Amino acid sequence: MLGRATTSEPAWRVASLTVPAPMRSNRAYRNMARLLRPPLLAMTRRDWRGTEHLPAEGGFIAAANHMTEVDPLTFVHFLYDNGYAPRILAKSSLFTVPVVGAVLRATGQIPVFRGTADAVRSLEAAVEALRAGECVAVFPEGTLTGDPDLWPMVGKTGVARLALSTRMPVIPAAQWGPQDLLGRYKKLIKPFPPKRVTIVAGPRVVLDDLYDRPIDSATLREATERVLAAITALLEEIRGERAPAVRFDPRHPDGTDSANSPEVPA
């Protein structure tokens with residue numbers, strides 16, 4: 001079994017104070033988990049569902065919506081407590097921030113170099129991790145959603161490139177609640193009272209029919225939209241409401257164009 005912890009503990013222990021460390025977590029990863037899990041457990045009330053869709057072995061891509069600077073932590077918490085030590089595709093600028101950059105490097109996170117010749121390195125590192133049996137976590141929107149109501153917006157095509165080039169499963173997941181802990185574009189966390197954080201994983205996104213097609217812009221856009229549609233459907237289920245018929249596009253906020261941008265996700 002690759003990537004997740006092996007344990008006979010019952011399911012109700014998943015969100016307890018101590019959990020078995022994922023098999024592929026290094027010492028730095030485990031130390032950060034010891035540091036961050038207790039405050040996350042104190043500040044949140046977790047409603048985690050769909051964990052049966054997380055692969056028991058082999059590499060896979062975990063793709064989630066992105067509403068606030070804290071939801072990468074809540075998403076990693078969900079994955080870590082279910083036996084995975086995800087490698088996150090993160091903006092390269094974060095790796096230059098004192099302390100933060102050191103932690104990201106030590107725990108094996110993957111920097112994304114946008115708009116440069118180094119962008120290919122991000123994809124290569126993610127492909128290598130997937131083929132080694134790792135979980136790679138991505139946020140297909142590439143940045144915090146610009147949608148006024150926090151629905152997933154138009155995505156970057158990096159998740160599609162990664163999925164189509166490796167043929168590894170893409171597991172969609174929707175988060176709702178982290179924005180109550182830390183608002184979009186806000187700097188002040190509101191830890192009390194504890195916030196309900198719902199994360200629901202869904203079945204793998206069907207991309208098999210695209211594997212033998214040329215990886216051109218049309219194929220990439222279609223694969224990206226399938227991933228985002230799966231995430232959006234899960235979020236609709238959580239929120240109990242329907243998303244807008246037209247996905248928000250920050251390049252065309254008036255809704256005149258909804259084409260995806262061919263970039264690697266953060």
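The values are calculated or read from the model by the stated rules, or taken from the named source; none is laboratory data. Note that the structure is a prediction, hence the values are computed from the model and not measured. Neighbour counts run over all protein chains shown; Cβ positions are idealised from the backbone, glycine included.
A compact table of results
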{"read-out": "When residues of segment 38-47 are limited to those that are crowded, with 18+ Cβ neighbours inside 10 Å and not hydrophobic (A, V, I, L, M, F, W, C), the one nearest to Leu234 (Cα to Cα)", "value": "Arg46"}
{"read-out": "Options Leu79, Leu94: the member that is in contact with a helix residue (DSSP H, G or I) (Cβ under 8 Å, 6 or more places away or on another chain) and assigned to a helix (DSSP H, G or I)", "value": "Leu94"}
{"read-out": "Residue in segment 118-140 that is among the hydroxyl-bearing types (Ser, Thr, Tyr), at pLDDT 95 or above and surrounded by 17 or more Cβ atoms within 10 Å (Cβ to Cβ) present", "value": "no"}
{"read-out": "Residues located in segment 67-76, provided they are in contact with a helix residue (DSSP H, G or I) (Cβ under 8 Å, 6 or more places away or on another chain) and either assigned to a loop (DSSP other than H, G, I, E, B) or within 21 Å of Pro20 (Cα to Cα) (or both)", "value": "Met67, Thr68, Val70, Leu73, Thr74"}
{"read-out": "Filtered residues of segment 64-84 (kept if more than 25 Å from Ala132 (Cβ to Cβ) and either in contact with a strand residue (DSSP E or B) (Cβ under 8 Å, 6 or more places away or on another chain) or of a type in the set (Lys, Arg) (or both))", "value": "Asn65, Met67, Asp71, Thr74"}
{"read-out": "Of all residues making up segment 7-24, the number that are out of contact with any helix residue (DSSP H, G or I) (no Cβ under 8 Å at 6 or more places or on another chain) and at pLDDT 50 or above", "value": "5"}
{"read-out": "Selection within segment 123-147 - farther than 16 Å from Pro72 by Cβ and either touching a residue at least 60 places away in the same chain (Cβ under 8 Å) or of a type in the set (S, T, N, Q) (or both)", "value": "Leu123, Ala129, Leu130, Arg131, Ala132, Gly133, Glu134, Gly146, Asp147"}
{"read-out": "Residue that is nearest to Ser165 (Cα to Cα) [pool: residues in segment 187-240 that are assigned to a helix (DSSP H, G or I) and among the basic types (Lys, Arg)]", "value": "Arg221"}
{"read-out": "Top-ranked residue in segment 176-190 [being touching a residue at least 24 places away in the same chain (Cβ under 8 Å) and among the charged types (D, E, K, R); ranked as surrounded by the most Cβ atoms within 10 Å (Cβ to Cβ)]", "value": "Arg184"}
{"read-out": "Residue within segment 149-163 that is surrounded by fewer than 24 Cβ atoms within 10 Å (Cβ to Cβ) and among the small types (Gly, Ala, Ser) present", "value": "no"}
{"read-out": "Residue that is at pLDDT 95 or above and either in contact with a strand residue (DSSP E or B) (Cβ under 9 Å, 6 or more places away or on another chain) or closer than 27 Å to Thr145 by Cα (or both), where the choices are Arg87, Arg27, Arg4", "value": "Arg87"}
